[in-house]
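In what follows, a single structure is set out as structure tokens and then discussed.
The values are calculated or read from the model by the stated rules, or taken from the named source; none is laboratory data. Owing to the predicted nature of the structure, the values given are computational and were not obtained by experimental measurement. Glycine gets a Cβ as well: all are built from the backbone with ideal geometry, and neighbour counts include every protein chain shown.
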């Protein structure tokens, strides 16, 4: 085989690898967006009193043209991520997570952080040396509340970073709002 043929073959294979990674990132983004969604409806009736509560949480991935626009401080009570992103999608960051059982903050840094589309992947390295894979999605989160789906009383949309946190035998949906 000639060097030119090898070069063309290499470039073609590289293109297929990039396309496969992009499809994989999109599939992970879609799965995470679906996992962050939640709908809850409860109705209780006793004698002459009826109480209805409806909550609907939906997320929509946000893809920015320049990955550096994702840089910022994302937080909610008990969680924080200070994220710095280059225009090529490489990122670094630090922050803390809190465990519900003792409200102790666990500081971490991100290692091998990368953004592809709206998906952030990294490894969280905690101050005690423990590591944990991390996948999160930049999204607009809309929370609608009311009595039922036909009687929505409020609808609030915020931009931030959503992920699923698991620890021991529980899982929780976490949404960090951009500050």
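Filtering the range 33-92 to residues that are surrounded by 13 or more Cβ atoms within 10 Å (Cβ to Cβ) and at positive phi leaves 72, 78, 89. Within the range 24-48, residues that are touching a residue at least 40 places away in the same chain (Cβ under 8 Å) have Cβ atoms under 6 Å from residues that are assigned to a helix (DSSP H, G or I) and surrounded by 14 or more Cβ atoms within 10 Å (Cβ to Cβ) in no pair, counting only partners at least 6 apart in sequence or on another chain. What are the residues in the range 140-170 that are touching a helix residue (DSSP H, G or I) at 6+ places or on another chain (Cβ under 9 Å) and under 23 Å from residue 41 (Cβ atoms), if any? Residues satisfying the conditions are 141, 162, 164. Of everything in the range 93-117 that is surrounded by fewer than 18 Cβ atoms within 10 Å (Cβ to Cβ) and in a loop (DSSP other than H, G, I, E, B), the residue that is modelled with the highest pLDDT is 104.
Of all residues in the range 34-52, how many are out of contact with any strand residue (DSSP E or B) (no Cβ under 6 Å at 6 or more places or on another chain) and closer than 23 Å to residue 157 by Cα?
Final tally of qualifying residues: 1.
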